[in-house]
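Step one of this worksheet: look at the structure below.
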Amino acid sequence: MNKESFLREFMEEVWNEKNFDKIEKYIHNQYTIHLDPGDLWEGKTLSRLEFKNRMELGSFGPFPDMNFEITSAIEDENYVAVTWILTGTNFGKIGEHPPTKKAINTKGITIYHFKDNLINGHTQIFDRKIVMKQLGFI
């Protein structure tokens, strides 16, 4: 199995095209967020349904046009590391903040973990402070 191709397909089909019905094809039933500073789910293991709900409400609620462009990828036996550019427009609430209708553009790196040929977690770093500045919160 080519995990890099599998991950790129997942990012395109699920994240960019918002085909949430395809999550089961890519995501293991236990998905752990190993490291993701600033993410309320850091350190937690989610079921596939919780993962889907987190995407729909936590990501696409505030940014319905969210899009990831993968800029590089490295595959290992149980991991695929990707660098990416995230873009989107804030059309939904973030916590108590009303929509700003401002665009975001930020870069980051995610290491996706695999188990049983499915994605079962991630370790991620990106500067959320840049996003908050772009939205005018700080």
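What follows is calculated from the coordinates using simple rules that are stated; it is not laboratory data. Nothing here was measured: the structure is a model prediction, and the numbers come from that model. All Cβ positions, even for glycine, are placed from backbone atoms using ideal geometry, and neighbour counts span all protein chains on display.
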>> Suppose every Lys and Arg Cβ carries +1 and every Asp and Glu Cβ carries -1, with no other charges. What dipole size does the chain come out with about its Cα centre, to the nearest 20 debye?
In response: 540 debye
>> Using all alpha carbons of the chain, what is the percent of pairwise distances in each 10 Å bin, ordered from the shortest bin to the longest?
In response: 12, 43, 37, 8, 0
> Cross-link partners among aspartates and glutamates for residue 102, C-alpha distance below 18 Å, same-chain residues fewer than 8 apart left out?
Replying inline: 65, 127
>> With unit charges on the beta carbons (Lys and Arg positive, Asp and Glu negative) and the dipole taken about the Cα centre of segment 9-138, which residue among 61, 95, 122 sits farthest to the positive side?
In response: 95
>> For a quick check, take a GNM of the chain with Cα springs below 10 Å and name the residue from 106, 45, 71 with the largest mean-square fluctuation.
In response: 71
> Just 20, 51, 60 to compare: in a GNM of the chain, with alpha carbon springs under 10 Å, which one fluctuates most?
Replying inline: 20
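When only Cα pairs under 8 Å and 6 or more residues apart are kept, what is the percent relative contact order across segment 1-124?
Details: 226 pairs, mean separation 32.5, N = 124.
The normalised contact order for segment 1-124 reaches 26 percent.
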